[in-house]
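I have placed the structure first, in the form of structure tokens, so that the comments after it can refer back to it.
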Amino acid sequence: MADPKFTAGEAAKITWLIARMAKRGLASQTVHQGDLEARVEKVIEGARKREEEQRKSK
């Protein structure tokens, strides 16, 4: 499934979370990042739902 078009807020949140993942990765290669990955997926899923609702309302 293709990623939806993100709003500025969604893009900023994803960017922030990816930066945090990179920071953790620099600290240790074995650090758990599943919590941040789940948060990114939650933002993407929210964007998909928003796009779907916008398509239905047209």
Exercise for review: Give the calculated FRET efficiency between LYS5 and VAL31 to the nearest 0.05, with a Förster radius of 35 Å applied to their Cβ-Cβ distance.
Suggested key: 0.65
Check your understanding: How high is the relative contact order of the chain, given as a whole-number percent (alpha carbon pairs under 8 Å, six or more residues apart)?
Key -> 50
Review point. How many lysine pairs does the chain hold where the Cα atoms are under 25 Å apart and the two sit 8 or more places apart or on different chains?
Key: 12
Point to revise | Helical contribution to [θ] at 222 nm, DSSP H n ≥ 4, -39,500 (n - 2.57), averaged over the chain, rounded to 500 | key: -26500 deg cm²/dmol
Check your understanding: What translational diffusion coefficient, in µm²/s and rounded to a whole number, does the Stokes-Einstein relation yield for the chain at 20 °C and a viscosity of 1.002 mPa s, taking the hydrodynamic radius as the Kirkwood radius over Cα pairs?
Key -> 170
Point to revise | Full-extension gain in nm, SER57 to ARG20, via 0.36 nm per residue minus C-alpha separation | key: 9.7 nm
Check your understanding: Hey, got the dipole for the chain? About the Cα centre, +1 on K and R Cβ, -1 on D and E Cβ, debye to the nearest 20?
Key -> 180
Practice item. Would you mind checking the tilt of helix 34-57 against the longest principal axis of the Cα atoms of the chain, expressed as 0 to 90 degrees and rounded to 10? Key: 10
Exercise for review: Give me the angle, in degrees from 0 to 90, between the Cα long axis of helix 8-27 and the longest principal axis of the Cα atoms of the chain, rounded to the nearest 10.
Suggested key: 20
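None of the figures in this text is laboratory data; all of them are computed from the coordinates on show. Note that the structure is a prediction, hence the values are computed from the model and not measured. Ideal geometry is used to build each Cβ from the backbone, glycine not excepted, and the neighbour counts take in all protein chains shown.
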